[in-house]
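Below: the structure, in structure tokens.
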Amino acid sequence: MKVSESEIRNASILIVDDQLSNVELLHALLVDAGYTKIHTTMDPTEVCELHRKNSYDLILLDLQMPVMDGFAVMEALKFNEVDPYLSVLVITAQPSHKLRALQAGAKDFISKPFDLVEARTRVRNLLEVRLVYKQLEALNRSLERIVEVRTAQLRESEARYRSFTELAADWYWEQDEHGVFSKVSGPVQEMLGVKNN
């Protein structure tokens with residue numbers, strides 16, 4: 001499976017940070033990299049509702065915020081039924097938080113102060129993985145529908161076969177040298193609409 005550059009650039013991204021300077025820096029970084037669907041919030045309590053409405057492909061999430069830190073946001077997102085695969089890139093100035101963030105469900109992290117090239121690369125990589133996951137999900141749904149249709153057809157065929165075999169003892173027919181039915185009895189006569197000569 002391959003994801004095109006335009007699909008990656010059109011992926012939806014949410015930036016969550018309580019500091020306006022960080023939001024502006026990340027926003028500028030993403031715009032400069034060509035991303036077109038960037039949303040921001042400085043209120044971590046809005047994240048779940050925003051994700052429910054917009055089903056973001058990537059959430060850039062600061063860990064240290066007042067009222068609700070990034071860990072609490074990730075915990076709340078686990079109960080969000082929009083998508084079982086949640087792509088979160090955490091932003092932290094604390095090296096000790098990296099492992100805990102990954103254990104809490106983050107897919108990757110970037111450290112403050114930002115290395116711009118590294119941040120762009122991690123965003124792109126996570127988006128590519130996320131979009132491949134979405135393609136696989138769509139393919140699985142399509143295959144499930146095909147299996148359902150084929151299963152229904154098979155059941156219908158089995159039911160017809162069963163009814164024919166149950167009636168087989170009552171069947172009798174003869175054909176002449178041209179393949180024309182000459183003698184027919186029982187259900188076969190009714191099915192074929194043939195009258196005996």
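When peptides 139-150, 92-103 are sorted by average Cβ neighbour count within 10 Å, with the highest value leading, the order is 92-103, 139-150.
Which of Thr36, Ser111, Gln153 sits closest to the plus end of the dipole of the chain, meaning its Cα is farthest towards the positive end, when Lys and Arg get +1 and Asp and Glu get -1 on the C-beta? Among Thr36, Ser111, Gln153, the one farthest towards the positive end of the dipole of the chain is Ser111.
As a rough guide to protection, the peptides 1-12, 118-129, 54-65 ranked by mean Cβ packing within 10 Å, highest first, stand as 54-65, 118-129, 1-12. Per residue, the accessible area of segment 100-142 comes to 56 Å², computed with a 1.4 Å probe over protein heavy atoms only. Of the residues Val117, Val16, Val88, the one that moves most in a GNM of the chain with alpha-carbon contacts below 10 Å is Val117. When the alpha-carbon atoms of segment 1-91 are used, the pair Rg, Dmax equals 12.9, 41 angstrom.
Evaluated over segment 14-144, the count of Lys pairs having alpha-carbon atoms less than 25 Å apart is 14 (only pairs 8 or more residues apart or interchain). Dipole magnitude for segment 110-163: computed about the Cα centre from +1 point charges on Lys and Arg Cβ and -1 point charges on Asp and Glu Cβ, it is near 80 debye.
Computed over the chain, the quotient of the alpha carbon radius of gyration and 2.2 N^0.38 Å is 1.87.
Ligands, DNA and RNA left out, the accessible area of the chain computed with a 1.4 Å probe is 54% carbon and sulfur.
In terms of its C-alpha gyration tensor, segment 99-154 comes out oblate, because a/c is 1.5 or above while a/b does not outweigh b/c.
The values are calculated or read from the model by the stated rules, or taken from the named source; none is laboratory data. These numbers come from a predicted model, not from an experiment. Here the Cβ is made from the backbone with ideal geometry for all residues, glycine too, and neighbour counts use every protein chain on show. For accessibility, only protein heavy atoms count, side chains too; no ligands or nucleic acids. Shrake-Rupley method; radii C 1.70, N 1.55, O 1.52, S 1.80 Å.
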